[in-house]
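Reading through the structure tokens given below for one structure.
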Amino acid sequence: MNPWDVKELDRATAETLGWVDDLAQRLGWRDRGKAYAALMGGLHALRDALPRDEVAFLGAQLPVLLRGLYYEGWHAGARPAPSVAAICERIHEAVGRDPGIDAEQAARAVFALLAARLPASEIEDVIARMPKATHALWPS
């Protein structure tokens, strides 16, 4: 591959922006930046809620650029099991504490996006490894 050929980078960027646009549409938002922030907050909250092996299995399913963003800032140490409130707080923080954003609605939209775009078997594994109280955030 020619090191100056950026077609792969262009494709990865387009694929990631497709996820952001899909989330924005699910939320009825026009602000792509806020949708991106909500996606990152949701992915990071999910990542930090899962055991290390499941973090890796989920990460392997993500598009290449989104995968790198998913792992950004991750530390594989033990974490307490999150609650719905903790996941929503993570998203609320990611969107700059915008009072006009319903963080629980954003969490549900992020998880619905994952459920729509990733293999059902992976989503079932993720849900099974999360605290029971957080299962309500996933689409039924």
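The values are calculated or read from the model by the stated rules, or taken from the named source; none is laboratory data. This structure is a prediction, so every number in the text was calculated from the model and none was measured. All Cβ positions, even for glycine, are placed from backbone atoms using ideal geometry, and neighbour counts span all protein chains on display.
Restricted to region 23-51, and to residues that are of a type in the set (Gly, Ala, Ser) and over 10 Å from the mean Cα position of the chain (by Cα), which residue is surrounded by the fewest Cβ atoms within 10 Å (Cβ to Cβ)? Reasoning before the result, please.
Within region 23-51, the first condition is being of a type in the set (Gly, Ala, Ser), and the residues that meet it are 24, 28, 33, 35, 37-38, 41-42, 45, 49.
Checking the rest, the ones that are also over 10 Å from the mean Cα position of the chain (by Cα) come to 24, 28, 33, 35, 49.
Details: ALA24: 20, GLY28: 8, GLY33: 12, ALA35: 26, ALA49: 22.
Once the filter is applied, the top-ranked residue is GLY28.
Can you go through GLY73, GLY68 and tell me which one is exposed (fewer than 14 other Cβ atoms within 10 Å of the Cβ) and not in a helix (DSSP H, G or I)? Step through it out loud before you land on a result.
Details: GLY68 fails: not in a helix (DSSP H, G or I).
Every option except GLY73 fails the conditions.
Got at least one residue in region 23-40 being of a type outside the set (S, T, N, Q) and farther than 22 Å from ALA106 by Cβ? Lay out the reasoning, then the answer.
If we filter region 23-40 for residues that are of a type outside the set (S, T, N, Q), which is where we start, we get 23-24, 26-40.
Filter once more, keeping what is farther than 22 Å from ALA106 by Cβ: none.
No, that holds for no residue.
Of the numbered conditions (1) among the β-branched types (Val, Ile, Thr); (2) touching a residue at least 40 places away in the same chain (Cβ under 8 Å); (3) touching a Phe, Trp or Tyr at 6+ places or on another chain (Cβ under 9 Å), VAL20 fails exactly one; give the number of that condition.
(2)
Please enumerate the residues belonging to region 111-140 that are at pLDDT 95 or above and among the basic types (Lys, Arg).
Within region 111-140, just ARG117 meets the criteria.
In the set GLU104, GLU89, GLU122, which member is out of contact with any helix residue (DSSP H, G or I) (no Cβ under 6 Å at 6 or more places or on another chain), assigned to a helix (DSSP H, G or I) and surrounded by 15 or more Cβ atoms within 10 Å (Cβ to Cβ)? So that I can check it myself, show each step before the final result.
Details: GLU104 fails: out of contact with any helix residue (DSSP H, G or I) (no Cβ under 6 Å at 6 or more places or on another chain); GLU122 fails: out of contact with any helix residue (DSSP H, G or I) (no Cβ under 6 Å at 6 or more places or on another chain).
Only one candidate qualifies: GLU89.
Can you go through GLU15, GLU54, GLU8 and tell me which one is modelled with pLDDT under 95, assigned to a helix (DSSP H, G or I) and surrounded by 13 or more Cβ atoms within 10 Å (Cβ to Cβ)? I'd like the intermediate steps shown before the answer.
Numbers: GLU15 fails: modelled with pLDDT under 95; GLU8 fails: surrounded by 13 or more Cβ atoms within 10 Å (Cβ to Cβ).
Criteria check complete, one pass: GLU54.
Could you say whether any residue in region 76-86 is assigned to a helix (DSSP H, G or I) and touching a Gly at 6+ places or on another chain (Cβ under 7 Å)? Step through it out loud before you land on a result.
First pass over region 76-86, keeping only residues assigned to a helix (DSSP H, G or I): 84-86.
Retained after the next criterion (residues that are touching a Gly at 6+ places or on another chain (Cβ under 7 Å)): none.
Scanning region 76-86, I find no residue that is assigned to a helix (DSSP H, G or I) and touching a Gly at 6+ places or on another chain (Cβ under 7 Å), so the answer is no.
Consider LEU46 carefully, then state whether it is under 28 Å from LYS132 (Cα atoms) and of a type outside the set (Asp, Glu). Explain how you work it out, then say what you get.
On the way: under 28 Å from LYS132 (Cα atoms): yes; of a type outside the set (Asp, Glu): yes.
Here the answer is yes, as LEU46 does meet what is asked.
Looking at region 63-83, I want the residues that are at positive phi and have a partner that is surrounded by 14 or more Cβ atoms within 10 Å (Cβ to Cβ) with Cβ atoms under 8 Å, at least 6 apart or on another chain. Which pairs are those?
GLY73/HIS44
From LEU58, LEU43, LEU66, LEU50, grab the single residue that is touching a helix residue (DSSP H, G or I) at 6+ places or on another chain (Cβ under 7 Å), closer than 20 Å to GLU8 by Cα and among the hydrophobic types (A, V, I, L, M, F, W, C). Full working, then the answer.
Values: LEU58 fails: closer than 20 Å to GLU8 by Cα; LEU43 fails: closer than 20 Å to GLU8 by Cα; LEU50 fails: closer than 20 Å to GLU8 by Cα.
That would be LEU66, the only listed residue that is touching a helix residue (DSSP H, G or I) at 6+ places or on another chain (Cβ under 7 Å), closer than 20 Å to GLU8 by Cα and among the hydrophobic types (A, V, I, L, M, F, W, C).
Could you tell me whether any residue of region 57-78 is within 15 Å of MET130 (Cα to Cα) and at pLDDT below 95?
Taking region 57-78 first, the residues within 15 Å of MET130 (Cα to Cα) are 57-58, 78.
Filter once more, so that each one left must be at pLDDT below 95: 78.
Yes - at least one qualifying residue is present in region 57-78.
Do we have ASP48 as acidic (Asp, Glu), closer than 21 Å to CYS88 by Cβ and modelled with pLDDT of 95 or more here? Let's see the steps before the verdict.
Working: acidic (Asp, Glu): yes; closer than 21 Å to CYS88 by Cβ: yes; modelled with pLDDT of 95 or more: no.
No; evaluated as a whole, the condition is false for this residue.
Being closer than 19 Å to VAL126 by Cα and hydroxyl-bearing (Ser, Thr, Tyr): is that true of TYR36 here?
Values: closer than 19 Å to VAL126 by Cα: no; hydroxyl-bearing (Ser, Thr, Tyr): yes.
Against the criterion (closer than 19 Å to VAL126 by Cα and hydroxyl-bearing (Ser, Thr, Tyr)), TYR36 does not qualify.
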